[in-house]
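Notes for the one structure printed next.
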Amino acid sequence: MTIKMFKMKQKGLYELLMDNGNTYSFYEEVILKYELLLSKEIDNKQLPILIKENKKYECYYKALARLNRKAEAKNSLVRYLLGKEYNDEDIEFTIEKLEKQGYLNDSNYASSYVNNKVLTTSWGKGKIKKQLLQKGVSEEDSINALELYSKDIELEKLVKRINKKISSNHDKSNKMLKLKLERDLIGEGFSKELINKALSEAEFNDDREIAKRIYERLVAKLGRKYEGKELVYKVKQKMILLGFDVSD
């Protein structure tokens, strides 16, 4: 077959019109490697080789476009390409090429990810590490990147978050608020040791005003069903369950 004419379809990809009316799309790298525009010929034996080679570059450019939209860890990118039904050979070629070009580096990706999460979230180290591992970053790269997140910064985030919750608390005893904070903060990836330290440094309000409001609310609610000593007992019982001191 003789190449009759060619035109660019998109950056790096060309469409070749053959003298038999067939058209084939090949990436620039394939065209240059096999000197197609010099020979202007493609024989039937060469065509499967060109198509196979071109598939590798299709995979490569698909991955590059993905990385241009957002940074990826290597294993995450591999999963994406497998989902696009590229074979192992094409993916291996792509990953090796991207790594050589510096577009794919798990160590740099992990460091960038940690920096971003420290600046934009209130997550602790544990949650950030969990996310990195889920994205396919190795344990070693995750741990190294997390060295950027110092305990001082983590503690500062904790204290700010705790103080914010304290200032907006209108219905919980200090005891119950501390339990809720501890549960929530563990879920956000902070260590129990650091949480306890932050809680000890936080300034909790005297919750007697809250206790007074809750007591009055309970009296009004339970007073529809109980009265006298039974009402007092039921209210105190509920107050104890809510973490308020009713010893007075």
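The values are calculated or read from the model by the stated rules, or taken from the named source; none is laboratory data. Everything quoted here is computed from the prediction, not taken from an experiment. Neighbour counts are summed over all protein chains in view; Cβ atoms, including those assigned to glycine, are modelled from backbone coordinates with ideal geometry. Just so you know, the surface numbers come from the protein's heavy atoms only, side chains and all, with ligands and any DNA or RNA stripped out. Shrake-Rupley method; radii C 1.70, N 1.55, O 1.52, S 1.80 Å.
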Checked the range 1-12 for anything in a strand (DSSP E or B) and either within 18 Å of Leu38 (Cβ to Cβ) or touching a residue at least 40 places away in the same chain (Cβ under 8 Å) (or both); matches are Thr2, Ile3, Lys4, Met5, Phe6, Lys7, Met8
Within the range 103-129, residues without any contact (Cβ under 8 Å) to a residue 24 or more places away in the chain and not in a helix (DSSP H, G or I) come out as Asn105, Thr121
Within the range 85-99, restricting to residues that are modelled with pLDDT of 95 or more and open to solvent by 70 Å² or more (accessible area, probe 1.4 Å), the one that is nearest to the chain's Cα centre (by Cα) is Glu99
TODO: Tell me, please, whether a residue that is on the phi < 0 side of the Ramachandran plot and either small (Gly, Ala, Ser) or not in a helix (DSSP H, G or I) (or both) can be found in the range 51-62.
DONE: no
With criteria (1) under 24 Å from the mean Cα position of the chain (by Cα); (2) touching a residue at least 60 places away in the same chain (Cβ under 8 Å); (3) open to solvent by 100 Å² or more (accessible area, probe 1.4 Å), Lys175 comes up short on (1)
Residue hits (the range 65-84; of a type outside the set (D, E, K, R) and open to solvent by 90 Å² or more (accessible area, probe 1.4 Å)) are Asn68
So, first residue open to solvent by 90 Å² or more (accessible area, probe 1.4 Å) in the range 223-248, second residue part of a loop (DSSP other than H, G, I, E, B) and modelled with pLDDT under 85, Cβ within less than 7 Å, six or more apart or across chains; the pairs are Ile240/Val246
Per the filter on the range 185-221, residues closer than 22 Å to Lys117 by Cα and loosely packed, with under 14 Cβ neighbours inside 10 Å are Gly187, Lys192, Glu193
All conditions in (1) more than 33 Å from the chain's Cα centre (by Cα); (2) surrounded by 14 or more Cβ atoms within 10 Å (Cβ to Cβ); (3) modelled with pLDDT of 90 or more are true of Pro48 except (2)
Over the range 1-34, the set of residues surrounded by 15 or more Cβ atoms within 10 Å (Cβ to Cβ), of a type in the set (Val, Ile, Thr) and within 45 Å of the chain's Cα centre (by Cα) is Val30, Ile31
Selection status of Leu37, surrounded by fewer than 14 Cβ atoms within 10 Å (Cβ to Cβ), touching a residue at least 24 places away in the same chain (Cβ under 8 Å) and of a type in the set (A, V, I, L, M)
yes
